[in-house]
Structures are given as structure tokens and as C-alpha cells.
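The values are calculated or read from the model by the stated rules, or taken from the named source; none is laboratory data. If you're wondering where the values come from, they're calculated on a predicted model, not measured in any experiment. Positions of Cβ are backbone-derived with ideal geometry, glycine not excepted, and every protein chain shown enters the neighbour counts.
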Amino acid sequence: MADPALMYREFTKYTDLVSVDRIPNEDDIDFFIDKFLSMNQFMFYFEGTRIYCADGFDEVTKEVIYDKEGKSRKELEAEIKPLLTQKIKNTFGEVSTETNPFMFDPKPTTVKMMADMLAKERGVVDWDRMSASVKQNHPVYNEAAKEILKIKQRLMAYNQTVLPFTLRLTMHHNLGMGMYSTTDGKTTLRRLKDDGKPFTLNNEKDLRKFLDSKTMDGMFAGKHAGLRYQFWNYTNTGKDLKMAVIDLDNPAGIPKDDMRRAVVRIATKMEAQGHPYIIMYTGNNWHVWFGAKAGQPLGTLKEVQAYLKSLLFGVTEFTKSKAVEAELPLVDPAMYKMDKTPQAVRMFFSLHYQADAASSKEFTGLAAIPVPAADVMKLEPIRDAHPETVLANFDKYSALVAKFFDTVGMGQDYESAEDIEAPPQVIVHPEKFKAHPLLKKLNLPADMNKIRMADIETVLADEEQVYVYPKAKGLDTILVYDKQGGIKGSARKDLSFQRTVGTGNSKKLKTIPVTSAYITVNGNIIYDDYITRDLERIANAEKLSSIVISGQLVKTDALGNELGEEAVRALLQSTEGLTLSNNKDLSFIVNKVVSKNGKKVPIKDMAEEVSKLTGKRIRSLGPQTVTAPVGVKVAKQFKDLLRDRKVSTMLVENGVTYEINATRKISVAIIGMSKESKLYSNSLECPPVYVAVTKRDSSHGLVYYVIAKAEIALPKAERIKLREMIEGEEKRNIIPINLRNDDFVEQIEMVEPSVVVDVIYEDVGGELRDSFPTHFKPSERRGKIYRALVKKVYATPLIKPRVIGIREDMDALKPSDTDHRQDPLLVITGKIPKKLSLLDALPNPRSDYQQHVRKNPAFFGVQETRPILIDMISAPPTIEADSYVWDREVGEFVPSPDAGTRLVPQTAGGRTADIHLFEPKGRQGSLPGELQRAYQRWDRDEEGYKVFVDRDSRVEKDGVSHYRISSLGSQYQDAIDDQMGQGQDGFSVTTMDGTLEPIKAFIDQVNMAHLVNEKQILEDQKVVASLLRTIPGDPDSEAPISKGRKFDAGYNKAYSDMQQQMRHATTDRVPSITVHRARAEEIFNNPPIKAEAWNTRIDLFVTKHKEWEAMDPPKEPWVVFAQGDFMGWEVPLLEKERLLRLATSEYSLTERELELVDSQFGEPTNQDALESVLSDLYEEVPEDDPEEDAE
């Protein structure tokens, strides 16, 4: 056996990253082995960390990592896997039995069905003839049992996330739970308890018991491995409905797209009538759930059915025969019948498994998901409704469903078993308690040590154990519960309020001490709302006497996106204030437990205690206790959060609190001050300001677009100075209210942009908001005036912006100083934000395939991806002849006289998707590569058909990638447009000089801002500059000459060629006038191709000069200093360019001054009778070149 020491070292690097959030499992071992044993590969990257393969070499000793000599792939796997398994056991105590996410086939599948499929795939001979006992002892059957076990584990993980959410929404309603047996394929739906009564959950305690049990009162419960779906009754009486369901069937077999169009039409009608609604894709078909519109109750089931018949006339039918005849969707009439109880319906996120044993429908195993109307036509079920996709994006999927239940008033917050409790009053205490002692428990920025993203591993390298938690984009808040009601304000008096309890004649007003409340960082105390009632339910279930929790109060949109601290502050400070309606949009994110039952919680127990605090409106963002190596794990976790854009700040605690964030900086113009701040009217200091970036508009010139309302993070003296600068002398910069026609008069004190400031921020929001565009427009009296544009333009906002500096060296009227392109994530558009779309909000947004390949026989290799049709359904086969002959009279092939017949399989429907040549694509690898298994056989040296593709031979042209080197035949080779005729090899070289595309990925932007090694970049440039002065040649071509010195033969040839070219160039030749004109025209039409590169060189020179100016004396003269970074011939030329730029910057006219010239200065007329007196205001429009138009 080879020495495993270096392999263990690489495996430890891998497990350190895996163990950030879980114990490594067998899947992790298999993944490492697969990468480690890759043929002809020296290393691979995992989460940005380089890990050497078996064929790699140690950087110091140059030893091979693991000797594979003379061993097959199977022998190596059998040798290595036990070693790595034992390594995990020694390090972590056990190998986790959990399964990593993977895109399995979601259809209901038994072990026997899986074994049959695997046997067919493996080519097992006589499998169908084997007896059941022989099959069960076959390795394929064991592999099938293992695969089914992995699927069951993933579905159990799915239930652990989904069930708490769905059960809270259906609390106090009759439930039905269904299970599926992977042994015999039977499904069982139970709706009654052991005592024959309907099953309901009525409180948090029962809910938690259900989630922690395999069965409860005879019902399948949360820990049951076979649990697959949930049904519920949204009404028990069929009267006084809060919501109703349109269950659409397709007995007419209309096309899939027609069915979807009908769903969109129903949604459109619901929206037009004012009904709140939500669309469900059930896993195979469609539901539309809707609630009552304002002032018009739904009534009974029969009344709903009559209403729908009128509303949906021409869109659906209500009897099967009419639906088939009219070829329209059928609204299932069973939904509106009342026997003993109304029809139960499938709950959101239940899996599509058989509930009725007599049903002949095809069941997909996909999740019942919410689908906004904008997404109905583009939904791809096998991907968007796959349980793994739903699990990975559950926060967004669930937000849509929660919004609907909040709107119709159903679930845990709105109903109870006896309906005796009044809705919460949502009380905001009239006083503010900014000095409340509990606020000292918050981790505020001033109390924390800041860590740059690039320094995480270094700063935390020596820590043994820390508590790590992401910080939500919300308002810092303390949430407190005291069973005895001892919550106080600043007056040391216990808080209390009055609540109506009881029903009917027994209703009475009762004074109740405040047992739960939350205190925001700005001193607001809020109690008797949805969040505090959620905390009371959790406390009762956990039997707590008291608890103090720190975290953030967040406001979310319909897709669960956190809208930021400003959105919460605006809600609390608005005229309307916090109400029962908008309180539903708030939730509390737990950071840590400050104290529990009067005792401090140790750091080592913090993550476990936080995980217990989960309710409908109280949750956490996955805090963890991290052990050594802390630096590596925390860095990986933070990058993962940034990549998914979940948070931009993370806190680390172990006696000392560290703050890690991805702060960036931008220069912006101030166009207004906030009138809503007390500083505006009661102080000389500058209140929060509205800041804008600029973008040129063809019709309106330079336009300012608001991207944030920024807080002022400056000393008091500078805050006063900033306000004076903004307002101008005698407040001349302020736009009078009587001259404004915008919608923000009450919120914004609008000013002419004259001040540029630096703003730091944590992120750019993903949603589009009104950008309040403004510009300078011409004026006859004043030349120009600053006004708002009368059109809607939208921009992505900055998150947590703060003004950190005044830029007196910049001009608010100079476009380059405040340009919107400073951050590529900033988007400014005049397009109205499209309708709510869930699919577009998910990570890795979809993209349509664009065909770039054209017919030109220039060989480029095998295309990396190609569009193929997938997800087809079976159609009746056609009957065709099995042989044909050519009929000269008819001019086509016809069946031969002795031809037989054959069945030709047919398919229908399907969708086009881009499939990679040998790698999986899509979310969670849902689309396997076209030749993925064949490539893996070559890579793993397995038996069977193999395909070799050289990954390093990939080239790209016009957006299409190809692999130049492979074992695939000519039928796989593509032709691609290649006007230069250089072919694949030439193109792979010349593309090194291609244009780089702007990077817009968020994580790449953060990395560029925080992880760039500026010193290394400078050193690299020195190497490049020195190489420009060398002529490459062959070292073996050196030949001695008479004086004993050696010169490279390649150098001699290059020198001779240059001398010959020089003699040719200096030969006196007088060209003819025709040639002279042709050459002159050619020169004028050929712009300098190095201008852009030279400008980049000037930029670097200017930057170096600024660095030299900032250096403390004594220092070298500037010219001498510059020689260290630039070539000698460059320095005087670059110095002239720098001085020219400086003069241009200082003395060129600003846009305001140019407009002043245009409006005030006029040249004398030339007495032409037809000349306009305004002619000098316009530039002469050059005539179009007819030759260019012809092209």
C-alpha cells in the first residue's frame, strides 16, 4: 500500500471545509475519491481551496501525493475508502448517515422498481428470469436499496423544513397525512385518530410533539420515513368561507400550454375582481386558491360554485362531458359538495403521491408549489417543483404562501380551537426608551472589532471555538419574555394593556400585564402583536419562565427578500405607523439568547438554544458553533452567504465580538435632504440625505437618479459644514416648493446638486425602486433650472448606505465623478418592474439558448452544449412499413410489395434545454450531460463504452464553446463561422487578446474589492514590461563567433530581418498621386489601435504620481521614482500626458459653463437672409456617407 500521509493532508483540507455546517458523510468520501483519483489531473478546487489529486506533487518534497502504479481504479477505491472512513471516525467520532442533496428521480419508486431500472442500465443478463430471492441477493438489488434509502433521507430532510411551516398554516383544521411504502408501493392516507375523531393540531406544544414523533394518535407524524403528503379541510361546515379552491382537471386532454393559459386567465379575472389569490402547481395539474374581496364575503360552498360559473364562463366548464365537448379545463365539482365534511385538498409543498387507491392518474412525486401568474407559462416542473429545488429555496417559495394565508386570515395567528381570543392590538408605546437597560445587550457597530474579508483566516486563526451568526438586513432589536409580566419602561413601572377575551355575552375587557415585547435600537417598545404572541407560544411550549433574545426586526416582500433597516424605520416612523395589517410583514431574526430563565447561555450551547426558538414569525439564519480551524471555516461560510446574497454581514463571538462585512464605496451627488428627520427642523446639522448617481440621457442630458437615503457618519463639525454646502449661500440651492411638481414634496427637501460625497454600503438591492430622476432643463430667464423629470425611472437601491466623506475635489456637474457605472450591480431602467416572478428571483436565473453556429466549414471541435428536447410524454405509436422502394412515377419512396409493418414510438410535448457534453447542468445537477456516463467511465477507468474529452482544449468563439481534442468521431464536429480562416488552434491563441466582459456576479465584485493583491499586480507588470524588451529564441541555436561570444541564431535572424525592413523603408521612392491619395485615405480611416491601451498606461502613471505625492519626505524626485515602474522612453511621454490631463481637469469648462456659453454667447450673423438667428445654438449634422449606408 502506498504511503497515505499526503493523501490524509489533502483529505483534511477537504473535510475542514465540509464540516463547517455538518459532519462529513459517505457521499463526501465518494466525492473526494472521485476527484482524487481523476486521471491526468493534478489538482481540483473545492470552495476556492486547492486540493491535490493522487497524481499531483508535494510543493516542497516533490513527492507524488499517492502512488497509483499498477492498480486499477476499483482496486484504488477499495484501498482508499476504508482509510478515509476511519479518518473521519477518528476526527469526528462517526461518519454521518445523512445524504447530500442530489437531483433524484422524484417519481414514487419501490426498491424492486429501482433494481429493475439499474439492472437494465447495467446490462444484467437474464434479470427478468431470476427468482425474487436470487434478485434480492444480487449486487444490483443492494445498490437499489441503497439508492432508495438516500432518497428517503432527502425526503425526510425535506419534511423537517416544510412540515413546521405547513402545519402552522393549517393549525385548528382537520388534517390528513399520507405515507408511501418503498417495499410494496402502497400509499396510505389517514384522516382520523385512533379514537375515530378528526385529527387537528391546536397549539405549539402539540405541533412540536408531532414533529418529533413517528406517529401521533395513529397518524403518520414528522419523523416517519414514509411521510409524503398532507391534506387539510379549509372549512368544516361549508359556510362563512375565508377561502375557496378551484381544482382544475383536464379530461379533454387539451395541450399543456392551453391548460396554462386557462390558469392565467382565471388569475387575471380574480385580480380584476379584487380577490386575493394564489396559484398552485400540484405536481401534475393546477389549483387556484382565492379569498373574499373587500366587503363581499364568499358565503357557502354552493354560493361559491354559482359565482365561479358566472365569473369563469368560457374559460372552464363544471361538468366532465361539457369540458370534453368544449375542450376546456374542468373545475372539479367535488370541491363544492357537502357530505359529512367538505372535500379535503392537497396542502402546499405536499409531494404528488397517490391518495386514492382507485386512481389511475400518473403521479410525479413533485412538490405542490406556488406559481405567480407571470411564471405559469415558463414553469419547468421537473426542475422548479423538484423537492431539492424547493428545499434549497424554501424561504422564497414559502413567503408567497405565507402572504396568502395572512391575507385571508387563516392559520396559527388568526384562529384558535375555541375562537375566544381577539386579534392582537399591535401597541407601540407612545414614549421612546433609548436608554433602556436591555438595549445594552445589543451588539452595536461601535462595540465590535471589524475584520476585512481578506483577513478572516488570519485574524481568527488562533481561535479554538466561536459562535458565528449571519446578521439580517433589519433593525437591531431586543425580544423579551417574562411569564410574571415584569417588563418595564424607563419609569420602572410594569407595562400592561387591555385585551378583550371571551365570546358572545361573556366578552369582557381585561387588564393584562405585558409578558412579551420587543425594544428596537431607537427606543420603541412594541407589544401585543403577532411577533410577541409567537414568542409566548414558543415560551409555553418550551416551559420558559423568562428569556431575552437579541436580533433584528426585518420587513420582507412577497418573495421573502429582506428590505433593509430603512424599510423598518420608515414603517415605524410613518404617519400610519404600525398597524394590524402591516405588522404581518414583520418578522424577528434571532442572533443569540442573552439569558434564559435568568441565566446566561454559554457560547458552546448557543447554537442549540437558538435552534429551539422557531415559530411562525420568529426564526434564525443558521447560526453555528465553529471549532478549529476557525479561520478557514468562517471564511468559507461567509463566502457562501455572499454568493447566495442572503446576508452581507456576519458576527463572530468568543468573549470578543468581530464583525465581518463586504462594505464597498461609491461617490455620489446629494440632491435632497430628508424632511422626516428631526435634524432637519431642530438642528444645524445635516439630516439624512438623498444621494444620486448620474447617467446621460439623449433627450435630457445629464440625469440624476436617486439610489439611497444615506445616514451621515461624520463628526459634528463636518455635519454642519455639509448642510451649509448643500443649501448654498442664503440657501439658494434649495428648490422652492411652489416650483415642484413631484410626489416627494413632503419627504425630500430638493436641492441643486453641488456636493459630492463618498458613501459606503453593504450591498445593492435586487428589487427596482422609483429613482426620482432630476436634471437641469433650459430656461429663458435663468439659462437653466433644476427640476424633476416627469417620467418614471427605476433603480436598484444601496443597502445600509452611510456618508463617510465630503469630496470637495469633485464636481457634482461632472459626469465622470458620479457615474452609475462605479458599481456594475447598479441598474437604472425606464421599464416598469415586471410582475411578481418567483422563478426569476431564484439563484442561477434561467437563460434562453441562442444559436451562434453558422454554416462555414471551419473545424472547431465538439460543441460544449447543445439544445435537445426533454420531458416528452408518450404518445400512441404509428404503424409504418418496414421496407421501401423508389417509385419513379411518383418520385418518392413507397412501401415495397412484400413489406411488413412496424410500430414507431411517438412522443408529445417536452421542452428544449441546453445539455452539456459530459457534465450535469441546472440547479442541483438536474440535467445530466449527454455523454456523462461514458466520460465518467474513461475518467474512472471503468468497463464499458468510454469517451475522452480534453478539458484544457476548450475554446470559445462568439459565445459558443468547443472542445478541440476528443475521441469523438467527425459526426460530432461542428462548423463555425471563421472569416479569418484561422481554425481552432489559431483562434485559441488570438483570443488571448480578446475583450474582457464586465463582471456582474456579486461574489466576484466582492472578491475584486477585498481580495485583490495590489503588490502582486505591480510586480506582475514589471515582469511584463521586461519581457517586452526581449526577443524569444531557441537556447539550442546559439553558435560561437570569432571573439568567443555567443548569440542566439533566432536573434540574428530577427536582427537581419529588421535591417532589411529598415533599408526598404528608407529607400527614396516617390509614389504616384493616385497611390498617395489612396494611402492617405487609408491612414485617415485607420484609427490608432493602441489608444485604449495607452490610456490605461496613463491611468497607472497618474495613480503612481498620486502615491508619490502622498509619500513623506525625504523622497526621490518624481522622474527617478517613476523609472522603477515604467520604461525609460515612456516616462517623459507619460509625464506630458499627465500634465495635459491635469490642465484639462482644472481648466476645461464644466457642463454648466458650456451651457452658459451656448445660452449667452452668440456670433454675428453673415447677413444671409435665410440664416436663423438661433443657428449658432446647434451643431452642424454631418451628412451620412452613402458608401457606409450601402454596406
Practice prompt. Examine segment 807-827 for a residue that is surrounded by 16 or more Cβ atoms within 10 Å (Cβ to Cβ), part of a strand (DSSP E or B) and of a type outside the set (D, E, K, R), and state whether such a residue exists.
Written response: no
Worksheet item: Are any residues in segment 368-392 under 14 Å from residue 159 (Cα atoms) and out of contact with any strand residue (DSSP E or B) (no Cβ under 6 Å at 6 or more places or on another chain), and if so, which ones?
Response: 386, 388, 389, 391, 392
Discussion item. From the list 590, 548, exactly one residue is within 30 Å of residue 21 (Cβ to Cβ) and crowded, with 23+ Cβ neighbours inside 10 Å. Which is it?
Written reply: 590
Discussion item. Could you go through segment 80-103 and let me know if any residue there is among the acidic types (Asp, Glu), more than 25 Å from residue 634 (Cα to Cα) and not assigned by TED's automatic domain parsing to the domain that holds residue 636.
Written reply: no
Discussion item. Looking at segment 596-605, can you tell me whether even one residue there is under 25 Å from the mean Cα position of the chain (by Cα), of a type outside the set (Phe, Trp, Tyr), surrounded by fewer than 19 Cβ atoms within 10 Å (Cβ to Cβ) and within 30 Å of residue 12 (Cβ to Cβ)?
Written reply: no
Response to the item:
Given (1) in contact (Cβ under 8 Å) with a residue 12 or more places away in the chain; (2) crowded, with 18+ Cβ neighbours inside 10 Å, residue 614 misses just (2)
Worksheet item: Looking only at residues in segment 230-244 that are under 15 Å from residue 201 (Cβ atoms) and among the polar types (S, T, N, Q), which one is modelled with the lowest pLDDT?
Response: 236
Response to the item:
Matching residues in segment 222-260 (surrounded by fewer than 17 Cβ atoms within 10 Å (Cβ to Cβ) and among the β-branched types (Val, Ile, Thr)) number 1
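Based on what the data block shows, is residue 677 more than 26 Å from residue 765 (Cβ to Cβ), surrounded by fewer than 24 Cβ atoms within 10 Å (Cβ to Cβ) and free of Cβ contacts under 8 Å to residues at least 40 places away in the same chain?
No: the conditions fail for residue 677.
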Worksheet item: Do you know which residues across segment 656-671 are buried (at least 19 other Cβ atoms within 10 Å of the Cβ), within 15 Å of residue 802 (Cα to Cα) and not small (Gly, Ala, Ser)?
Response: 661, 663, 664, 666, 668, 670
Worksheet, complete the sentence: Filtering segment 242-262 down to residues that are farther than 21 Å from residue 362 by Cα and touching a Pro at 6+ places or on another chain (Cβ under 8 Å) yields 262
Worksheet entry | Residue satisfying condition, being part of a helix (DSSP H, G or I), touching a residue at least 12 places away in the same chain (Cβ under 8 Å) and of a type outside the set (S, T, N, Q), within set 669, 635 | 635
Worksheet item: From the set of residues in segment 635-658 that are hydrophobic (A, V, I, L, M, F, W, C) and in contact with a strand residue (DSSP E or B) (Cβ under 7 Å, 6 or more places away or on another chain), which is modelled with the lowest pLDDT?
Response: 647
Worksheet item: Hey, does segment 893-909 have a residue that's within 36 Å of the chain's Cα centre (by Cα) and at pLDDT 65 or above?
Response: yes
Worksheet item: Being in the same structural domain as residue 240 (by TED's automatic domain parsing), surrounded by 13 or more Cβ atoms within 10 Å (Cβ to Cβ) and under 23 Å from residue 173 (Cα atoms), is that true of even one residue in segment 317-324?
Response: no
Worksheet item: Does any residue in segment 507-525 that is closer than 13 Å to residue 439 by Cβ come within less than 7 Å, Cβ to Cβ, of a residue that is among the acidic types (Asp, Glu) six or more places away or on a different chain, and which pairs are these?
Response: 521/476
Worksheet, complete the sentence: Selection from segment 735-792 of residues at positive phi and of a type in the set (Gly, Ala, Ser) yields 783
Worksheet item: Given the conditions (1) among the acidic types (Asp, Glu); (2) without any contact (Cβ under 8 Å) to a residue 24 or more places away in the chain; (3) part of a helix (DSSP H, G or I), which single one is not true for residue 743?
Response: (3)
Response to the item:
The residue that is surrounded by the fewest Cβ atoms within 10 Å (Cβ to Cβ), considering only those in segment 261-276 that are out of contact with any strand residue (DSSP E or B) (no Cβ under 8 Å at 6 or more places or on another chain) and of a type outside the set (Ser, Thr, Tyr), is 272
Worksheet item: Among the residues of segment 760-782, is any at pLDDT 85 or above, surrounded by fewer than 20 Cβ atoms within 10 Å (Cβ to Cβ) and in a loop (DSSP other than H, G, I, E, B)?
Response: no
Worksheet item: How many residues does segment 277-294 hold that are out of contact with any strand residue (DSSP E or B) (no Cβ under 9 Å at 6 or more places or on another chain) and touching a residue at least 24 places away in the same chain (Cβ under 8 Å)?
Response: 1
Item to complete: Run residue 1097 past the list (1) within 18 Å of residue 1014 (Cα to Cα); (2) at pLDDT below 85 and report the number of the one that doesn't hold.
Response: (2)
Fill in: Lone qualifier among 574, 546, 506 - being more than 29 Å from residue 397 (Cβ to Cβ), among the small types (Gly, Ala, Ser) and modelled with pLDDT of 85 or more
546
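Quick grid of which residues meet (1) of a type in the set (Asp, Glu); (2) at pLDDT below 85; (3) more than 24 Å from residue 642 (Cα to Cα):
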| position | (1), (2), (3) |
| --- | --- |
| 428 | no, no, yes |
| 438 | no, no, yes |
| 444 | no, yes, no |
| 472 | no, no, no |
| 478 | no, no, yes |
| 494 | yes, yes, yes |
| 502 | no, yes, yes |
Worksheet item: Consider residue 38 against the criteria (1) touching a strand residue (DSSP E or B) at 6+ places or on another chain (Cβ under 9 Å); (2) over 30 Å from residue 154 (Cα atoms): it satisfies all of them except one. Which criterion is unmet?
Response: (2)
Worksheet, complete the sentence: Turns out the helices (runs of 4 or more DSSP H) fully within segment 326-423 with at least 2 residues that are on the phi > 0 side of the Ramachandran plot, buried (at least 16 other Cβ atoms within 10 Å of the Cβ) and modelled with pLDDT under 90 are none
Fill in: Enumeration of residues in segment 566-614 that are of a type in the set (A, V, I, L, M) and assigned to a loop (DSSP other than H, G, I, E, B)
578, 580, 601, 613
